[in-house]
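The values are calculated or read from the model by the stated rules, or taken from the named source; none is laboratory data. In this text the structure is predicted, and so the values were computed from the model without any measurement. Quick reminder, even Gly has a Cβ in these numbers, built from the backbone with ideal geometry, and neighbours come from all protein chains shown. Accessible surface areas use protein heavy atoms only, side chains included; no ligands, DNA or RNA. Shrake-Rupley method; radii C 1.70, N 1.55, O 1.52, S 1.80 Å.
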Amino acid sequence: MRALTLGMAMAWLGIMGTPCARGQITPALHHVDSTGHAPAIRVEVTPRSQASTWWQRTMRQHLLDFSDRDNKNERGSDGSSNLIVVDPVVESFVGTMQSSAEGSQPEAIWDNIRGARFQAVVDSRWHIGGELLERQGVAEPLLGLWAVGNQIPGWGRSKLGKDNGFNTAEQAYFDVSQTRGWVGWEKEKWSFDAGIDALHIGAGRSSAFLSQWAVPAPYARASYSNETHRTTVWSTRWMSTRRGPLGETAESLLERTRAVFATHQWFAGERLILQWVGSHAWETTSQTAPEGWESLGLPPGNTYRPNRTIMGLEVQYHRRINSESKLTFYAQQSWDVGVEKRKSAGPSYQAVLPFTSVIGATGVWKTWTARLEYTHQSDAHCRDCWDYQTLQAGGPNPNGPMRAEIMNGGVSLNSLWKESFRLRARGVVHGPWHASGFMEMNNQANHWLIQVHHQLHSIWPLSITGAVGKVVLTEPLGIGEIQAYSVLQLGLTAGILEWK
């Protein structure tokens, strides 16, 4: 049984690719602390139900349970604990979009996510998890703006169009798949894990380092922690949307960027947490220097690899109101640390530019949670802004060596928008009835959405969901006369949760 269990788990990991559902939170994020750290051991398995009927058991436990345990004990007859559970992941809704343009007719929109999530514990030691999802839909324009660029936030590269149609932002058909998997081990103060996942950093949804919007990527990580400190290092690889040089294959491969991260958290008492983050990224495809870069130490024809070093700091202040209520205030700032080498035009110098800023607050009450967050990305996110002095003076980006992109699958690793202000709340209204809503103002649009959920199953979890919202565009999408539109949605969700 152990061999079968491990074989199934590794077979699952073998087909893992790149993921994250819209607003989806996998079991890893149920366990993260305020610094965003997901532990290497993060399996969440519910004991088997002891109900008398199959229907009651189904409604109180995982959909499929292949564990080698009996109904009374969590361990098998040999004293080991091998657990394997599988749950569905579904988000299916239909709706309409009504533009504010005169004479416009309602347009149908829909979204269909389906797949499965599995979790396993092998020999009471190895914690393994993963999911395999597919998603198709016709997007409303704000999501369609991403879809026409062949990428979906949190998912990465996607297909566009169907039957020679549905390929504009106002009616974008998209098709994308995503997979995720990880295996973790922990002993005393050390932990190790590897897989394909989105390792979030920080207390917010956006991040000055790695956000919850980021597309998951392959990684290998090691952590050491004690009562007041935790140090983590990991290596990862991101995928570009650009094709590299044509090689032996019929189609050139996508360019890659490798990166290493290091974080250190200091838990200074019950109220203050300080987190330092450093990263270095370099693209694997070499670039060739043209004429005119001699002053930067790059004669014509020399090759170089774009790279970038990011450093930053997060400060958190926690304030407990009572035993059931708590407030957290956080601020993050990252800097692009660049060194420009000059051989013939004066001495070399090092310049530091602000990269991404995040400030926010979260509140947790007995049955409600809320978050208020502001995010801003500087112009240093561009790929060809080597001349820091010109950039700081507000001039155009000059020609010069490229910088490594802080993106994966065409989606920024920090936030979706260059600037955004977002308010989100979620809580229990009464019994199985839940409500959630958000309001956001970003550089593309102002929009809000209110959702009502009726929970049918608490373990998967499974809910019937209805939503109403409105979007007012502040920047044109280039799709006719649409300036604002409203949306109505009704559907079913299972295994997909909104981040608190």
A careful count of residues in the range 138-192 that are open to solvent by less than 40 Å² (accessible area, probe 1.4 Å) and on the phi > 0 side of the Ramachandran plot gives 3
I'm told Val121 meets every condition in (1) touching a Leu at 6+ places or on another chain (Cβ under 7 Å); (2) of a type in the set (Val, Ile, Thr); (3) surrounded by fewer than 23 Cβ atoms within 10 Å (Cβ to Cβ) except one. Can you identify the failing condition by its number? (3)
Options Leu327, Leu372, Leu313, Leu353: the member that is assigned to a strand (DSSP E or B), at pLDDT below 85 and closer than 25 Å to Thr263 by Cβ: Leu353
Scope the range 257-286; condition modelled with pLDDT under 90 and touching a Lys or Arg at 6+ places or on another chain (Cβ under 7 Å); matching residues: Ser286
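Matching residues to (1) touching a strand residue (DSSP E or B) at 6+ places or on another chain (Cβ under 8 Å); (2) touching a residue at least 40 places away in the same chain (Cβ under 8 Å); (3) among the hydrophobic types (A, V, I, L, M, F, W, C); (4) in a strand (DSSP E or B):
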| position | (1), (2), (3), (4) |
| --- | --- |
| His434 | yes, no, no, yes |
| Ile450 | yes, no, yes, yes |
| His453 | yes, yes, no, yes |
| Ser463 | yes, no, no, yes |
| Leu477 | no, yes, yes, no |
Anything in the range 409-432 that is part of a strand (DSSP E or B) and among the small types (Gly, Ala, Ser)? List them, or say none. Ser412, Ser420, Ala425, Gly427
Would you check if Gly149 is under 22 Å from Val215 (Cβ atoms), at pLDDT below 90 and in contact with a Cys (Cβ under 6 Å, 6 or more places away or on another chain)? no
Residue hits (the range 85-114; small (Gly, Ala, Ser), open to solvent by 30 Å² or more (accessible area, probe 1.4 Å) and part of a strand (DSSP E or B)) are Ser92, Ala108
Would you mind telling me which numbered condition in (1) closer than 30 Å to Phe329 by Cβ; (2) at pLDDT below 95 Leu254 fails? (1)
